[in-house]
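J.: Before I ask anything, let me first share the structure, which is written out below as structure tokens.
The values are calculated or read from the model by the stated rules, or taken from the named source; none is laboratory data. Predicted, not measured: the structure shown is a model, and the values here were computed from it. So basically every Cβ, Gly included, is an ideal-geometry build from the backbone, and we count neighbours across all protein chains shown.
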Amino acid sequence: MPPTTTSSLQALEPSGLAPRALELNAELAAANSYVAGALSPIGRAVFYPKDIPFQAAEARSAEFNATIGQITDGAGSILSVSSIADAIHLAPTIKNRALLYSPIGGHPDVRAAWHEYQTPAELRTEEGPPCGLPLVTVGLTHAISLIADLFGGPGRHVVVPDPCWGNYSQIFGLRGGSIVHRAPSYQDGVWSWHGLQRTFDSIEGDTPIVVVLNLPSNPGGYSPSVAERVELADILVAAAQRRTVVVLCDDAYTGLVFDDAFPSQSMFWELLGRHPALIPLRGAGSTKEFLLFGGRVGFVTLPFAADSVEYRVLEDKLFSLIRSSVGSPVSVSQMLLLEGLNSGQTAIEISAIRARLRGRFEVMQQALASAEGHGETFRVMPCNSGAFMLLELLGSTDPEAVRQRLLNEFSTGVVAIRPRYIRLAFCSMSRQAIPELVQRVAAVLRPVKSAAQPI
Ligand SMILES: Cc1ncc(COP(=O)(O)O)c(C=O)c1O
């Protein structure tokens, strides 16, 4: 066994937690017992160490800064490789920041610009929403993973919608050891909160739980109505009367709502301040909102003001989780996003792209409604938003067999979701090709129906 140093022995209390972690946990517990009680074991253990990034940040404006391991000209500018630097067409100061390390929580101006961008108009008061600046992550997946680290963990009950983005099981279940419950999103082909309510009722005891809301949904492409949102908030508040409920709003598809009768903003804003034991967190990203798929810039927004103990402690713990997983977020793509956030053109371009998506959405909706076998071999799940439409296969058809046949015999790729769904991504199909896509799907389902047996 390697020798244990005196300093590392001193750093550990009998509980196994370092003194700084115990101090943070005690501060948090005194300010908000719900949040403190909902932390996972790793969430309780982590704290941002005062090592290199901390010391480098403190020395940022010092006359001599001999802290960080970045290779510069000695005056803060990167010594760059020209083939790389010249490929980034940004103003020199921004280019410099793009090539240097990002602060652990992200560049402050990127965080501030995203905060401004994501805040709904009605909350843009002088006071603003009670949320400190969001933290930058490496895509939304990383944001979800950080929240899973902080509030998931072994034995924690986590409720996810069903069908859902499959990665929740990997993140919460496989990596984190949480018990993942799938709450059905539909009842007889209609969007419903009954499954969520039933799942809550089935989890015994009063330990904290985590709930994932993904609206607009993947794979279903549904966003709830005003009345459904009120009902959802009431269900969550009622659940919070019994136990602490951490709600992760996975807002991957924010803004992609194609029916104007349905609200498009995140449920996060509606859940803020509803109940002390209801802790909403927002995970969002530039991936789909700014079409920056490869940029990997995501954000975590906490439901606490910047000067609150909760914000300070959770930010500290998230810093530690970020530092220990990805080092720091990507600077280059933060600078690209900043250009987008600051440009007056961006909103116009994004709304033009969304109008194009809406066109594809409408074409797919019509093509499916008039497709052979609609209502007999398949039905379309309620859909008004997002990037996908979900077909429920009626009878005992295996979606994986349908996927294989479409791929092998019709050169058509779709996603199979067991036990009985096929997901069609209209976001990545041209408007002209959508009717043919739908016809091919219907054609594969047709013989299944007439033969009255599974493929
Ligand atoms: C529901 C949902 N959440 C999260 C993500 C992950 O987003 P990112 O690519 O930014 O990590 C996706 C990506 O497809 C998604 O569909």
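J.: For Val415, indicate whether it is within 25 Å of Asn214 (Cα to Cα) and either among the small types (Gly, Ala, Ser) or not assigned by TED's automatic domain parsing to the domain that holds Phe262 (or both). Full working, then the answer.
T.: On the way: within 25 Å of Asn214 (Cα to Cα): yes; either among the small types (Gly, Ala, Ser) or not assigned by TED's automatic domain parsing to the domain that holds Phe262 (or both): yes.
Answer is yes for this residue.
J.: Tally time: how many residues in region 290-307 are surrounded by fewer than 17 Cβ atoms within 10 Å (Cβ to Cβ) and more than 15 Å from the ligand (Cβ to nearest atom)? Don't jump to the end; show me each part of the working.
T.: To start, the set of residues in region 290-307 that are surrounded by fewer than 17 Cβ atoms within 10 Å (Cβ to Cβ) comprises 291, 293-294, 305-307.
From what is left, the residues that are more than 15 Å from the ligand (Cβ to nearest atom) are 305-307.
Of the residues in region 290-307, 3 are surrounded by fewer than 17 Cβ atoms within 10 Å (Cβ to Cβ) and more than 15 Å from the ligand (Cβ to nearest atom).
J.: From Leu24, Leu17, Leu28, grab the single residue that is touching a helix residue (DSSP H, G or I) at 6+ places or on another chain (Cβ under 7 Å), surrounded by 12 or more Cβ atoms within 10 Å (Cβ to Cβ) and assigned to a loop (DSSP other than H, G, I, E, B).
T.: Numbers: Leu24 fails: assigned to a loop (DSSP other than H, G, I, E, B); Leu28 fails: assigned to a loop (DSSP other than H, G, I, E, B).
Going through Leu24, Leu17, Leu28 in turn, just one is touching a helix residue (DSSP H, G or I) at 6+ places or on another chain (Cβ under 7 Å), surrounded by 12 or more Cβ atoms within 10 Å (Cβ to Cβ) and assigned to a loop (DSSP other than H, G, I, E, B): Leu17.
J.: Taking region 232-273 only, how many residues are in contact with a Leu (Cβ under 9 Å, 6 or more places away or on another chain) and among the small types (Gly, Ala, Ser)?
T.: 6
J.: A further question on this structure: If you take the residues of region 214-247 that are of a type in the set (S, T, N, Q) and free of Cβ contacts under 8 Å to residues at least 40 places away in the same chain, which of them is nearest to Leu39 (Cα to Cα)?
T.: Filtering region 214-247 down to residues of a type in the set (S, T, N, Q) leaves 214, 217-218, 223, 225, 241, 244.
The next check asks that each one be free of Cβ contacts under 8 Å to residues at least 40 places away in the same chain; those that pass are 225, 241.
Values: Ser225: 32, Gln241: 18 Å.
Across region 214-247, the extreme among qualifying residues is Gln241.
J.: Continuing with this model, one more query. Which of the residues that make up region 265-289 are part of a helix (DSSP H, G or I) and within 16 Å of the ligand (Cβ to nearest atom)?
T.: Met267, Phe268, Ser286, Thr287, Lys288, Glu289 - these are the residues of region 265-289 that are part of a helix (DSSP H, G or I) and within 16 Å of the ligand (Cβ to nearest atom).
J.: Just one of Val190, Val246, Val230, Val237 is at pLDDT 95 or above, of a type in the set (A, V, I, L, M) and buried (at least 22 other Cβ atoms within 10 Å of the Cβ); which is it? Spell out how you get there, then give the answer.
T.: Details: Val190 fails: buried (at least 22 other Cβ atoms within 10 Å of the Cβ); Val230 fails: buried (at least 22 other Cβ atoms within 10 Å of the Cβ); Val237 fails: buried (at least 22 other Cβ atoms within 10 Å of the Cβ).
Of the residues listed, the single one that is at pLDDT 95 or above, of a type in the set (A, V, I, L, M) and buried (at least 22 other Cβ atoms within 10 Å of the Cβ) is Val246.
J.: Next question. For residues that are surrounded by 18 or more Cβ atoms within 10 Å (Cβ to Cβ) and at pLDDT below 95, tally how many sit in region 326-376.
T.: 1
J.: Got at least one residue in region 252-262 being buried (at least 17 other Cβ atoms within 10 Å of the Cβ), closer than 17 Å to Val159 by Cα and at pLDDT 95 or above?
T.: So far as region 252-262 goes, no, none of its residues is buried (at least 17 other Cβ atoms within 10 Å of the Cβ), closer than 17 Å to Val159 by Cα and at pLDDT 95 or above.
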